[in-house]
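Undergrad: Quick one: structure below, then a few questions.
The values are calculated or read from the model by the stated rules, or taken from the named source; none is laboratory data. As the structure is a prediction and not an experimental result, all values here were calculated from the model. When we count neighbours, we look across all protein chains shown, and the Cβ atoms used for this are built from the backbone with ideal geometry, even at glycine.
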């Protein structure tokens, strides 16, 4: 071991170890570089546990450390967050919000109304009520029911037809007669531009029993309504056709002057589901309303070749059509 004594005339190369370490620490501090550069791995503490490597922020770096684990997210490479916890890419929630249409985009409407009219904003200035089981005459309407005669109740009056149809699960047979009433809700006049037939489905006619409303031998006459239209549901493109001598659309309605439209829809070769679209305009507004049976399409089925039944006046049960014997 070299002597620490001073020898005159001799150059001494030995320095105390503490001086060397102090010089290294001073050089690092003056250079502004964290000890993480010189010591990338942490050393064991007094209890033998290995500490994480120090960072520039821990040793003289700029900016305070976040408290409580911090809200900082991980970098794309998955490096440790300031809170000391490594977060994977899958832990980040960086999904974009759904793209919203521009505020200036016009709302889509149905069939356009009168030329120059703009899309409707706010509620339509008219009301539409539908009577899907109106009868042209007391004996004209027939219904298909998937039940034997002994399980079908007697025919109803016209005003009771909706309840009877619902109870029996009945479908208009051969034809369906509708009444549609349109009325304005304000002082302005509303133009009913058109009623368009839309198809919701078509298939083979129902193979059910056919029941006639009304009673044989009772007068079954009926008057011709003012606005009367027919539609052939078997056609490739069914459309409303005004009865001979009757006016066609457009019509004007208001709060004090409602209109009623009667539609006779015929079906022979198909079981048809269908509805109507009513196009209107008023001033600079226009729009389209769907007309159906309380949110469901109308349904009309052909009945050719199906067993037909009628209920005699004063009888107690259904009998085959054309017979008078109730036994």
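Undergrad: Could you run through region 263-283 and say how many residues are under 22 Å from the mean Cα position of the chain (by Cα) and either within 14 Å of residue 199 (Cβ to Cβ) or at pLDDT below 95 (or both)?
TA: 5
Undergrad: Out of 296, 290, report the one residue that is surrounded by fewer than 17 Cβ atoms within 10 Å (Cβ to Cβ), under 19 Å from residue 161 (Cβ atoms) and under 27 Å from the mean Cα position of the chain (by Cα). Can you show your working first?
TA: Numbers: 290 fails: under 19 Å from residue 161 (Cβ atoms).
296 is the lone residue from the list that is surrounded by fewer than 17 Cβ atoms within 10 Å (Cβ to Cβ), under 19 Å from residue 161 (Cβ atoms) and under 27 Å from the mean Cα position of the chain (by Cα).
Undergrad: Sort out which residues of region 123-178 are free of Cβ contacts under 8 Å to residues at least 60 places away in the same chain, touching a helix residue (DSSP H, G or I) at 6+ places or on another chain (Cβ under 8 Å) and surrounded by fewer than 20 Cβ atoms within 10 Å (Cβ to Cβ), and write them in order of number.
TA: Within region 123-178, 153, 156 qualify.
Undergrad: Given the residues 282, 268, which is the only one that is in contact (Cβ under 8 Å) with a residue 12 or more places away in the chain and farther than 21 Å from residue 180 by Cβ?
TA: Numbers: 282 fails: farther than 21 Å from residue 180 by Cβ.
Every option except 268 fails the conditions.
Undergrad: Scan region 295-317 residue by residue and report those that are touching a strand residue (DSSP E or B) at 6+ places or on another chain (Cβ under 8 Å) and not in a strand (DSSP E or B). Spell out how you get there, then give the answer.
TA: Taking region 295-317 first, the residues touching a strand residue (DSSP E or B) at 6+ places or on another chain (Cβ under 8 Å) are 297-303, 306-312.
Listed by number, the residues that qualify are 297, 302, 303, 306, 307, 311, 312.
Undergrad: Mind checking whether some residue in region 300-312 is closer than 30 Å to residue 124 by Cα and at pLDDT below 95? Let's see the steps before the verdict.
TA: Keep residues of region 300-312 that are closer than 30 Å to residue 124 by Cα, which gives 300.
If we keep only those that are at pLDDT below 95 as well, we get none.
No, the conditions are met nowhere in region 300-312.
Undergrad: Moving to a separate point now. Scan region 245-291 for residues that are farther than 27 Å from residue 203 by Cβ, in contact with a strand residue (DSSP E or B) (Cβ under 6 Å, 6 or more places away or on another chain) and not in a strand (DSSP E or B) and jot them down.
TA: Residues satisfying the conditions are 246, 248, 249, 250, 254, 255, 258, 284.
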